[in-house]
1. Any chance you could run the full-extension gain for MET1 through LEU157? It's 0.36 nm times the residue separation minus the Cα-Cα distance, nm to one decimal.
2. What ranking of ILE115, ILE29 comes out by heavy-atom accessible area, probe 1.4 Å, highest first?
3. Output ³J(HN,Hα) for region 294-305: one whole-Hz value per residue in order, computed from phi by the Karplus curve 6.51 cos²θ - 1.76 cosθ + 1.60 with θ = phi - 60°, and x for Gly and Pro.
4. Report the full-extension gain for the segment GLU324 to GLN200: residue separation times 0.36 nm, less the Cα-Cα distance, to one decimal in nm.
5. Which whole-Hz ³J(HN,Hα) couplings does region 116-124 yield from phi under the Karplus relation 6.51 cos²θ - 1.76 cosθ + 1.60, θ = phi - 60°, glycine and proline marked x?
6. Using label points projected 7 Å from each Cα along Cα→Cβ, tell me how many nm separate SER63 and THR283, to one decimal.
7. Rounding to the nearest 10 and keeping the result within 0 to 90°, find how far the Cα-based axis of helix 84-101 lies from the longest principal axis of the chain.
8. Contact order normalised by length for the chain, with contacts defined as Cα pairs under 8 Å and 6 or more residues apart; what percent is it?
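The values are calculated or read from the model by the stated rules, or taken from the named source; none is laboratory data. Small disclaimer: the values here were computed from a predicted structure and weren't measured. Glycine also receives a Cβ, built like all others from the backbone with ideal geometry; neighbour counts cover every protein chain displayed. Ligands, DNA and RNA are stripped out before the accessible areas are found, and what is left, the full protein with its side chains, is counted by its heavy atoms. Shrake-Rupley method; radii C 1.70, N 1.55, O 1.52, S 1.80 Å.
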Amino acid sequence: MPVILAIESSCDETSVAVCNNGKITANVIANQTIHQNYGGVIPELASRVHQQNIVPVIHQALSDAKVNKNQLDAVAFTQGPGLLGALLVGVSFAKSFALALDLPLISVNHMQAHILAHFIDEPRPSFPFLCLTVSGGHTQIVLVRDYFDMEIVGETLDDAAGEAFDKTAKMLNLAYPGGPLIDKHAKEGNPYAFKFGEPQIKDLNYSFSGLKTSILYFIRNKEKENHNFVAENLNDICASVQHSIVTILLNKLKKAAKQYDIKEVAIAGGVSANSGLRTSLQTLAAELNWKVYIPAFEYCTDNAAMIAIAGHYKFLDNDFVGQEIAPLSRMEF
């Protein structure tokens, strides 16, 4: 059975994993701290740091998996979507590495891989299932009929939920990345302290631009009345914002589950690490008799293990690509 080396470099994590016969035996992630100085990811800097990290991370992953490069059967990599310069580092290295070792190449869609992270460990969802995929750049409800038979049935029309978290954190002068800090402060606050409107969007789609504007004006108006408003109410603000975003996400997911008559429901992507989303989903699942799947924290944010498991199933389907393959900043399912 295949031994696959997988490379993920779509944003600011350089990650390499090894999958041996469908089992992840190494998953190394090198985070980039340089972006904290700028309050967000700087694409050019991300590309440079990927170049610095890629070789050491490859060596570490092979060492952790206790395999050498001559035992590999294929190289999988993130083709997109993502930051083009960052993707270019991973794709170029994968192509060169595969060419030097005469190995087949496997192209992986980053967003599909987030969903397939559910097949790394037990319990695994049964087909068909719905997956709410939420990250800094994407918010999607996906109907998953098979490993690579996926249909986006709802998505954001503007900003992603993860961006709403991060931009709110910036308004509150929290450090980058701000999403986890909002989650941390929310645990100590009252989610009903302040109310923000829920966007009225048709069908199963989302919108978060209006919510971000509402939060911005709310903070500005309150600070005019009291300069210390944010500092004095930080926990309650974070809890209320988190409650609003989670409510918006789950109301549409609930609608989708009813529309497609599905009881198997999963979440994926970086925001699936949010404790408020996890807890609310489990509460909703108990109420509606859903079977819920929530990935381990290490498989929520960008990581190569999810690329590796996607590569495993593509290998079994003989789904390979040639050396002419190029990275894509936007990539359809």
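1. Stretched out fully, the MET1 to LEU157 stretch lengthens by 52.0 nm.
2. Details: ILE115 0, ILE29 60 Å².
Largest accessible area first, the list is ILE29, ILE115.
3. With coefficients 6.51, -1.76 and 1.60, one gets 10, x, 4, 3, 5, 9, 7, 6, 4, 7, 7, 4 Hz.
4. 40.2 nm
5. Here the 3J(HN,Hα) series is 6, 4, 5, 9, 6, 10, 7, x, 10 Hz.
6. Output for this residue pair reads 4.6 nm.
7. Between the helix axis and the principal axis of the chain, the angle is about 20 degrees.
8. Here the relative contact order equals 25 percent.
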